[in-house]
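Since the structure comes first, as structure tokens, the remarks are kept for the end.
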Amino acid sequence: MTKPQFDIAALRNSAPNAEWITNSSALRAYECDSYSAYRELPVAVVLPSTTDEVAAIMRHCDVYDIDVVARGAGTSLVGGAMPKAGGIVLGLARLNQVVEFNPDDRMICVQTGMTNLMVSHIAAEHNLFYAPDPSSQMACSIGGNIAMNSGGAHCLKYGVTTNNLIAVKIVSAQGEVHDFHVDDGFDLRGIICGSEGQLGVVTEAWLKLETSPEGALPMMIGFPTPEDAGECVASIIRAGIIPVAIEYMDEIMIREVERFANAGYPLVSALLIVEIEGDPTRIAVEMGAIEKIAQKHKANPIRRSQNANEATKIWAGRKAAFGVMGRLADYITLDGVVPISQLAEALRRISEISSNHGMGVTNVFHAGDGNLHPLIMYDAQKDGDLERAEALGVEILTACIELGGCLTGEHGVGIEKREIMKRQYLPHELELQMQIKDIFDPQWRLNPDKVFPLDISAERRS
Ligand SMILES: Cc1cc2nc3c(=O)[nH]c(=O)nc-3n(C[C@H](O)[C@H](O)[C@H](O)COP(=O)(O)OP(=O)(O)OC[C@H]3O[C@@H](n4cnc5c(N)ncnc54)[C@H](O)[C@@H]3O)c2cc1C
């Protein structure tokens, strides 16, 4: 049930210097995120520029019982930033300033509307970089990365957002400002990271930076079957080699990326892009060791990138992969995880499930940490096709859980996976998670209707 209309003028007065959007055609830009199959119009969108403004807005919403959905860049693939009808969207894009930068300590504090790529650009001037690198990094915000505990191709070696996050400033549902650090008592920073906008609005974050390596080079390894590629990944990691990245692409994806980005990929059934970093000797030694392992798994061809230009093209192709698929079909991007020893079996099961359903699935994913991204292709114009694609997705994610994995590695739960949380967690485990939300947000006003199955959270949300 939608809440009664509230007083827009009074709401605006809570932060008169912020930008307010209430015009229905302008509000359309915020009706969904990258999971565009589901849409809702908010009553208003507000774009504050400071923590104080966020706090004032939250205090007003607390008093007048208004639901709030925080939004970074809206690139969520699970409907995490979809508005709640009758509520407002709190857009953080204007909180985009550096608060403090200590290159000698390899730390930077930014407002969370800053894009992920901008942080790396700023760090690069001091030969530093911010490791989590989602493929959406040109657009996605640090706040969205924290809320989803995002990862990326280079997280195999450096970890995902939570491993690179030192402290957060949050505004609570009641409009109070809190600072949570990694080493203060309970790790509340850790609870905020990955909490999908359910516990507070993150307005500033201290991020850990890494020193740029002396060099880094990718190599491309082709395989006759997806299973061979999957087994090779497990063998590389078992041998104790930790590349910066091991990315996987199947044949459909390779063809599409080649047509668009001309990345120089070989046309094979399955391709691994493996990147090694360090000094030239280390790169040569590790690449040699990986080649030997790959040969045992029938690899052909094996190509080392010869120069920076080739390396850039290889990565540009990988980062464009999700985007180019949009030219081929409508699609849902899944985000399951399996132990790497189960990669080959997971790929076999995905192909089986896909043919049982008679729907196309293509794969591009972070193989080194077992984070699968099957893309289920469907036709949005065809009645019932979305529902069929969703059912197929549930089967694939269930298979990931059965193989000892879980239903999200980096994209989060949002609305897409809230119902299948029951397959991952027992009732008392879900209850505990909801009790944590109760503490931070007793009225369940922050990003309601997401993450938790609707039936078991109904009473709290009402
Ligand atoms: C082409 C493409 C490629 C992608 N590749 C990757 C990838 O490689 N790795 C990966 O992990 N993800 C990837 N994603 C998913 C998405 O980019 C990430 O989840 C990203 O972190 C979302 O950031 P955002 O700023 O767009 O957040 P939004 O989509 O705006 O919001 C996401 C969630 O975060 C919450 N939120 C946003 N800002 C705040 C804040 N300041 N405080 C509290 N809550 C907040 C929202 O309420 C919502 O629940 C990809 C998406 C696309 C479209």
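The values are calculated or read from the model by the stated rules, or taken from the named source; none is laboratory data. Predicted model only: the values in this text are computed from it and were never measured. Using ideal geometry, Cβ is built from the backbone for each residue, glycine included, and neighbour counts are taken over all protein chains shown.
When Phe223 is tested against (1) in contact with a Cys (Cβ under 8 Å, 6 or more places away or on another chain); (2) farther than 24 Å from Arg304 by Cβ; (3) more than 9 Å from the ligand (Cβ to nearest atom), only condition (2) is not met. Give the residue that is farthest from the chain's Cα centre (by Cα), with candidates limited to residues of region 444-462 that are surrounded by 18 or more Cβ atoms within 10 Å (Cβ to Cβ) and among the charged types (D, E, K, R). Out of the qualifying residues, it is Arg445.
Return yes or no: is Val233 within 16 Å of the ligand (Cβ to nearest atom) and touching a strand residue (DSSP E or B) at 6+ places or on another chain (Cβ under 9 Å)? Here the answer is no, as Val233 does not meet what is asked. Evaluated against (1) touching a residue at least 60 places away in the same chain (Cβ under 8 Å); (2) away from the ligand (no atom under 15 Å from the Cβ), Leu446 falls short on exactly one condition, (2).
Within region 392-400, identify whether any single residue is in contact with a His (Cβ under 8 Å, 6 or more places away or on another chain) and either touching a residue at least 60 places away in the same chain (Cβ under 8 Å) or surrounded by 12 or more Cβ atoms within 10 Å (Cβ to Cβ) (or both), and answer yes or no. Explain how you work it out, then say what you get.
Step one: filter region 392-400 for residues in contact with a His (Cβ under 8 Å, 6 or more places away or on another chain), giving 392, 395.
Now narrow it down to the ones that are either touching a residue at least 60 places away in the same chain (Cβ under 8 Å) or surrounded by 12 or more Cβ atoms within 10 Å (Cβ to Cβ) (or both): 392, 395.
Within region 392-400 (the criterion being in contact with a His (Cβ under 8 Å, 6 or more places away or on another chain) and either touching a residue at least 60 places away in the same chain (Cβ under 8 Å) or surrounded by 12 or more Cβ atoms within 10 Å (Cβ to Cβ) (or both)), the answer is yes, since at least one residue qualifies.
If you filter region 379-425 down to residues that are polar (S, T, N, Q) and farther than 22 Å from Met82 by Cα, you find that the one that is farthest from the ligand (Cβ to nearest atom) is Thr398. Applying the criterion of being under 17 Å from the mean Cα position of the chain (by Cα) and of a type in the set (Val, Ile, Thr) to the residues of region 100-118, the residue that is surrounded by the most Cβ atoms within 10 Å (Cβ to Cβ) is Thr112.
Mind telling me which of the residues Ile246, Ile236, Ile221, Ile241 ends up being over 28 Å from Thr50 (Cβ atoms) and modelled with pLDDT under 95?
Details: Ile246 fails: modelled with pLDDT under 95; Ile236 fails: modelled with pLDDT under 95; Ile221 fails: modelled with pLDDT under 95.
None of the other options fit; the residue is Ile241.
Pick from region 405-443 the residues that are part of a loop (DSSP other than H, G, I, E, B) and free of Cβ contacts under 8 Å to residues at least 12 places away in the same chain: which of them is surrounded by the fewest Cβ atoms within 10 Å (Cβ to Cβ)? Working first, answer last.
Quick first cut of region 405-443, residues part of a loop (DSSP other than H, G, I, E, B) only: 405, 407-420, 425-426, 441-443.
Among the residues that remain, those that are also free of Cβ contacts under 8 Å to residues at least 12 places away in the same chain are: 425-426.
Values: Tyr425: 17, Leu426: 9.
Per the criteria, the residue is Leu426.
Scanning region 320-334 for residues that are in a loop (DSSP other than H, G, I, E, B), among the aliphatic types (A, V, I, L, M) and modelled with pLDDT under 90 yields Leu328, Ala329. For Arg327, the conditions (1) within 16 Å of the ligand (Cβ to nearest atom); (2) farther than 16 Å from Ile376 by Cα; (3) touching a residue at least 60 places away in the same chain (Cβ under 8 Å) are fulfilled apart from (2).
Restricted to region 82-167, the set of helices (runs of 4 or more DSSP H) holding at least 3 residues that are near the ligand (Cβ under 8 Å from one of its atoms) and aliphatic (A, V, I, L, M) comprises 142-148.
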